[in-house]
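Undergrad: Mind looking over this structure? Questions follow.
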Amino acid sequence: MSATNTAHRYGSVTKTFHWLTALLILTLIPLGIYANGLPYDTSEQLAQKAWLFSMHKTLGVTVFLVALARIAWALSQTKPAGLHPERKVESWLAETVHWLLYGSLLLVPLSGWIHHAATTGFAPIWWPFGQNLPFVAKSEDTATLFAGLHIVLERVLILSILLHAVGALKHHFIDKDATLKRMWFGKTQTPEATGAHHHTLPLLTAVAAWAVAIAIGAATGTYSKHTEGVKQVALASVQSDWTVEDGSIAITITQFGSEVTGQFADWTATIAYDPEARTGDTTVTIAIPSLTLGSVTDQAMGPDYFDASLFPRAVFQADLSGIVDGHMATGTLTIRDVARPIEMPFNLRIEDFTATMDAMVRLDRRDFGIGDNMTDESSLNFSVKVDIELTATRN
């Protein structure tokens, strides 16, 4: 059997690419569906879920690379003609499905890869060239968009596979021709094919099918952020001697040895501070559901962690005082209705009526009953780093 194609038969390289791709896809799709439905209530369950997702992502990158090689090989080869050129509609549909298959074999894993590169979280790709992609910055908006595209394009791929399989079985069992046999190994007697391929109309049909699928995804909100079962909370406006003009409250967790950083988008601070006496006080209220924490945002909102549905706010109340080499905030932090004493050193710089402040403090999640089901640090570290920066002006 020749390694290359002829005008009437497929070569062994093309056949190998075809069946290798089929094996990968038929493993990859059920694996992703199964992993997505698994619970992650304990360290063991989370570890299993992460391992399966890593396998899914690694196989997805493998499919992308195999598809690139397959397309490059196909471009260098003669494509055997169809056995029934007189069936115009059937030939058009068959070539449309082939375009959908080839395109989806690139678009589905690529959209998943971009989602992985744009977000932060567990389940690394096991290929040795890193977790990032050129020109893809860390962005939850980008990650959300491509996560939705991955779902939509995957549905197109599944439908294309089903149509392709149905067509092959029709040829084999109803038409009783050699269409399926031409793609199998071994010596198979196949008739000479004289039909010509018409690429333009099938390609345009495939592009139209992708456009319709993407539009349906947009209409159904597939590309929007979804936080399962948690509603955003509105924080009341506050009056303060110092008004916060800009700032951030970020947390960094360590899951499976990798850091995941996120921020609370909604928080308020009342600040009373006398620069001459170097004393004051503050109350900071944080909307827990406003946290974005990469791919583990929904997990963080769940009942085993912040339990944001029942405890939507965290509050830090502290006295401010100057110390020898800076300042100290001494008070209590309340999360999940659990109050713990906190001492937080911070840096403060005041010029005219503008103050800039930054601080870093480490908390133990166990002090607030967060992640009690994660009893060791193999899945989730006990320590959580909190970084605070703000700029405020004096009223």
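Undergrad: Any idea how far apart F185 and D376 come out in nm if each label point goes 7 Å out from Cα toward Cβ?
TA: In this crude spin-label approximation the distance works out to 4.3 nm.
Undergrad: Just to be sure I understand the model, the point goes 7 Å from the Cα along the line to the Cβ. What's the resulting Q131 to T58 distance in nm?
TA: If labels sit at Q131 and T58, their model points lie 1.5 nm apart.
Undergrad: What are the chymotrypsin sites (Phe, Trp or Tyr not before Pro) within segment 318-395 that DSSP puts in a loop, where the Cβ has at most 11 other Cβ atoms within 10 Å?
TA: The qualifying sites are F353.
Undergrad: Fewest to most neighbouring Cβ within 10 Å: what's the order for V207, V97?
TA: Lowest to highest Cβ neighbour count: V207, V97.
Undergrad: Give me the number: length gained by fully extending D364 to V212, i.e. 0.36 nm times residue separation minus the C-alpha to C-alpha distance, one decimal in nm.
TA: Full extension of this stretch gives 49.8 nm more.
Undergrad: Based solely on its DSSP helices, what 222 nm [θ] is calculated for the chain when runs of n ≥ 4 H residues each add -39,500 (n - 2.57) and the sum is averaged over all residues, nearest 500 deg cm²/dmol?
TA: For the chain, the value works out to -13000 deg cm²/dmol.
Undergrad: Using 0.36 nm per residue, how much length does the chain from S224 to T332 gain when fully extended, once their Cα-Cα distance is taken away?
TA: Length gained between S224 and T332: 35.3 nm.
Undergrad: In the structure displayed, which of K15/K79; K57/K170; K15/K181 lie more than 22 Å apart, Cα to Cα?
TA: K57/K170
Undergrad: Taking 0.36 nm per residue of separation and subtracting the Cα-Cα distance, what length does fully extending A74 through E245 add?
TA: Result: 55.7 nm gained on full extension.
Undergrad: Suppose each label sits 7 Å from its Cα in the direction of the beta carbon; what would the V315-S139 distance come out to in nanometres?
TA: The modelled label-to-label distance comes out at 3.8 nm.
Undergrad: Which one, P109, P85, P312, has the greatest fluctuation when you compute a Gaussian network model over the chain with C-alpha springs under 10 angstrom?
TA: P85
Undergrad: How long is the chain along each principal axis, judged by its Cα atoms, biggest number first, in Å?
TA: Computed over the Cα atoms, the extents are 96, 41, 35 Å.
Undergrad: I'd like the distance between the alpha-carbon centres of segment 1-73 and segment 249-325, rounded to an integer number of Å.
TA: Using only Cα atoms, the two centres lie 41 Å from each other.
Undergrad: Does anything in segment 298-326 have its amide N under 12 Å from the 7 Å Cα→Cβ label point of N347, and if so which residues?
TA: Of the residues in segment 298-326, 326 have backbone N under 12 Å from the label point off N347.
Undergrad: Which residue fluctuates most in the GNM of the chain (Cα springs below 10 Å): L235, L133, L75?
TA: Its mean-square fluctuation being the largest, the pick is L75.
Each reported figure results from applying straightforward, stated rules to the coordinates on display, with no laboratory input. As the structure is a prediction and not an experimental result, all values here were calculated from the model. No Cβ is skipped: glycine too gets one built from the backbone with ideal geometry, and neighbour counts run over all protein chains shown.
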